[in-house]
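Heads up, the thing below is written out as C-alpha cells.
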Amino acid sequence: MTPEQGAQYLDVILNDYDIELTDAQWELILLNDSLGNPRTAEYEFGDKILNCAPTTLRYTKVLLDLATLFDFNEIQTVAEVGIGYGGQCRLAMNLLPIARYELIDLPEVLLLAERFLTALDTAGDIRYRDGTHLYNDVPCDLVVSNYAFAELTTAVQDIYFDKIVRHSKAGYMTWNSEMFTRHGIAVGYSAQEFASMIPGAKIIPEIPLTAPGNCIIVWGTRK
C-alpha cells in the first residue's frame with residue numbers, strides 16, 4: 001500500500017465519521033507499527049505529524065466502519081477470514097467490546113499473527129483456526145473479511161459460507177472484484193452473487209476505492 005493511499009484513508013478517518021479518536025487511542029493504534037519494521041510515512045494531522053504505516057490507517061478506517069455500522073451491545077464474538085499479520089484483530093480487541101475473536105487463515109499466517117499479538121500483549125479470548133481444515137462450524141456474531149474472501153475459489157467460498165457465514169448474524173466484507181476472475185475466467189462469486197446468498201445483505205461503496213469495482217458487503221447493520 002502506498003503513502004498516497006494512506007493519506008486517502010487518513011482523510012476519511014478525520015472527516016467521514018462522528019467518532020473522533022483521542023490521543024491515547026492513536027498511541028494504541030500506532031503500536032501496530034512497533035514490530036516488523038513496516039514502511040511508514042509522515043502525514044499532517046492537525047498541528048501534529050503522524051508517522052504511520054498506510055496499512056495501519058486502513059485497519060483504523062475499517063475499525064471505525066465496524067464501530068459505526070454495527071451495534072456492539074449485540075456483538076460479542078467476531079470471526080475474521082484472511083487475517084494479515086493480526087493488526088485488525090489487535091485494534092478491534094483493544095478498542096471495541098469484543099469477548100472472543102476467531103482468526104481463520106493458513107497455518108503459517110496464524111503463527112505470524114500469534115507472534116505479533118502475543119508480543120504486544122493483546123488481551124482477550126483470541127482463537128486461531130486453520131482455514132484449510134474447517135471441520136467444525138464457527139458461530140459468531142460478526143464475520144469480517146477484507147479482500148481475502150473474494151480471492152477464494154467458489155468451492156472454498158461455499159465451505160466458508162457453510163461453516164462461518166451462515167452462522168453469523170452480521171458481516172463486513174471488502175470485496176476484491178479484480179480477483180473475481182483470473183485470466184478472464186470466473187473462479188469465485190461476484191459481489192452481487194454472494195450478497196444475494198445472505199438475507200438482508202447490501203453492497204456499499206468502498207471509500208477510498210482501492211481498485212476498480214471493489215465494494216463492501218454488509219449485513220446485520222444498525223437499524
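Bear in mind these aren't lab numbers, they're just calculated from the coordinates by the rules spelled out. Note that the structure is a prediction, hence the values are computed from the model and not measured. All Cβ positions, even for glycine, are placed from backbone atoms using ideal geometry, and neighbour counts span all protein chains on display.
Couple of notes before you dig in:
- Likely footprinting exposure, T56, T210, T2, T122, fewest C-beta neighbours within 10 Å first: T2, T210, T122, T56
- Cα-based shape type of segment 1-118, given that a ≥ b ≥ c are square roots of the gyration tensor eigenvalues and the cut on a/c is 1.5: oblate
- Equivalent ellipsoid semi-axes, the chain, via Cα gyration tensor eigenvalues times 5, rooted, Å: 26, 20, 18
- Summing Lys and Arg as +1 and Asp and Glu as -1 over all other residues whose Cβ lies under 11 Å from the Cβ of Y135 gives a net charge of 0.
- Label separation (L31 vs Y17): 1.8 nm, computed from points 7 Å beyond Cα along the C-beta direction.
- Cα gyration tensor category, rounded, prolate or oblate, for segment 93-223 with a/c compared to 1.5: prolate
- Debye intensity ratio in log₁₀ form over the Cα atoms of segment 1-70, taken at each q of 0.11, 0.16, 0.20, 0.23 Å⁻¹: -0.24, -0.51, -0.81, -1.09
- The order of L66, L152, going from fewest to most other C-beta atoms within 10 Å of their C-beta, is L152, L66.
- Computed FRET value (nearest 0.05) for V187 with R166, which takes r as the C-beta separation and R₀ as 30 Å: 0.90
- Estimated from the Cβ-Cβ distance and a Förster radius of 35 angstrom, the FRET efficiency linking K48 and T221 is about 0.60.
- Summing charges over all other residues whose Cβ lies under 13 Å from the Cβ of A113, with Lys and Arg as +1 and Asp and Glu as -1, gives -2.
- By DSSP, the beta bridges lying fully in the chain are antiparallel in about 45 percent of cases.
- Taken along the Cα-to-beta-carbon direction at a fixed 7 Å, the label points for N136 and E114 span 1.6 nm.
- Computed label-point distance, nm, for sites L106 and S196 using a 7 Å Cα→Cβ extension: 3.2
- Under DSSP loop assignment and at most 12 Cβ neighbours within 10 Å, longest GluC sites (Glu not before Pro)-free interval of the chain: 75-223
- Label zone at D71 (point 7 Å along Cα-to-Cβ), backbone N below 20 Å, segment 91-121: 96-100
- Segment 94-157: C-alpha gyration tensor shape, a/c 1.5 cut-off, then a/b vs b/c: prolate
- Over the chain, DSSP H runs of length four or greater, each weighted -39,500 (n - 2.57), average out per residue to a 222 nm ellipticity of -10000 deg cm²/dmol.
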